[in-house]
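Heads up: the structure comes next, in structure tokens.
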Amino acid sequence: MSAMIGGMGMAADTGSHALDEWRLDAQPYYAPAGGEIEQFEAAFHQRTPLLLKGPTGCGKTRLVEHMAWRLGLPLVTVACNEDTTAGDLLGRWLLDADGTRWQDGPLTLAARHGAICYLDEVVEARPDTLVAIHPLSDTRRMLPLDRHGELVHAHPDFMLVVSYNPGGGRLLKTSTRQRFCGLECHYPPPELEAAILMHEAGIDAAQARPLVALGTRTRRLVGNGLDEGASTRMLVRAAQFVAQGMAPRAACQMAIATPLSDAADMQQALAAAIDASF
Ligand code: ADP
């Protein structure tokens, strides 16, 4: 389980201010590609759990951050990995000087007090984690805390959002996916991706365009030896090196080509893609 946005660890688990540290105080920049802002809002108004489907680094987390700010809700984020268990999300008994004390986990906090709970890469978590979110993700909107002997009824402002990368190798079970509505997330179209690089790194359009062209070229290599092309996140990183004064080819080698693949023939293909872009 990772740290949560704006958080410095677990908040106190009681009281109306429990989620204060997860409120976003500035608007996270998000450039929409289509109707995703309205569709996210529609899901929130229906209190429907939302599945964001798309490759890593294409803007899913940024969309959730932007929407939390837009809807005026705190955002509790959990980056799931193979060690994430239901207990990590629900909470646990802690031992301190005064005895034992129950501490809500991030999912319980969000459900109890009203927040967006974003489970990033949910399919990586242990299977018991997915089972734990089932009663919250159907019309019951309840969270049984067996270890605490409590049934939490979700706050009206609670929303569950999960992200899932279908190209990541692990599949989401039908019984889980049928509880969600879904938004397909893609890399931004070229003009928009260039605008994002300009905003995020402070480079100009002439510097952004070849980086976007390189991104497009690497994405064409998918299926021919690459599992995924350069993400928008990788392009932003290259753009930040360029903004710092690094030569664009060196920036792309370091931010994109080297991390993308270990295979010698793919490194050649990526070097050719860099040559073609600059
Ligand atoms: P994901 O959650 O899909 O792995 P992120 O949301 O973390 O990806 O996106 C990675 C980075 O790409 C962000 O930090 C941001 O700089 C940039 N980005 C991607 N898409 C957008 C977008 N539509 N608007 C603004 N920034 C974006």
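Here is how the numbers come out for the structure above:
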read-out: Scattering curve values for segment 36-117, log₁₀ I(q)/I(0), Debye with Cα scatterers, q = 0.14, 0.19, 0.21 Å⁻¹; value: -0.59, -0.94, -1.08
read-out: Heavy-atom accessible area per residue - segment 166-218, 1.4 Å, Å²; value: 53 Å²
read-out: Per-selection metrics, segment 71-151 (Cα): Rg and Dmax in Å; value: 13.0, 40
read-out: Sites excluded, trypsin sites (Lys or Arg not before Pro) in DSSP loops with at most 14 other C-beta within 10 Å, longest stretch of the chain; value: 174-278
read-out: In Å, descending, principal axis extents of the Cα set of segment 48-203; value: 57, 34, 29
read-out: Carbon + sulfur, % of accessible area of segment 38-152 - ligands and nucleic acids excluded, 1.4 Å; value: 50 percent
read-out: FRET efficiency estimate (nearest 0.05) - Cβ-Cβ, GLU150 to ASP98, R0 35 angstrom; value: 0.95
read-out: Helix 205-220 vs. the chain, principal-axis angle (Cα, 0 to 90°, nearest 10); value: 80 degrees
read-out: If the convex hull is drawn through the Cα atoms of segment 161-278, its volume per residue in Å³; value: 111 Å³
read-out: Accessible area of segment 69-135 divided out per residue, in Å², using a probe of 1.4 angstrom; value: 37 Å²
read-out: Helix-only [θ]222 nm of the chain, DSSP H runs n ≥ 4, -39500 (n - 2.57) each, per residue, nearest 500; value: -11000 deg cm²/dmol
read-out: Paired Rg and Dmax values of the chain, which use every Cα atom, in angstrom; value: 20.6, 66
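The values are calculated or read from the model by the stated rules, or taken from the named source; none is laboratory data. As the structure is a computational prediction, the values presented were derived from the model and not from experiment. Methodologically, a virtual Cβ is constructed for each residue, glycine included, from the backbone with ideal geometry; neighbour enumeration extends over all protein chains shown. The accessibility values were calculated without ligands, DNA or RNA, using every heavy atom of the protein model including side chains. Shrake-Rupley method; radii C 1.70, N 1.55, O 1.52, S 1.80 Å.
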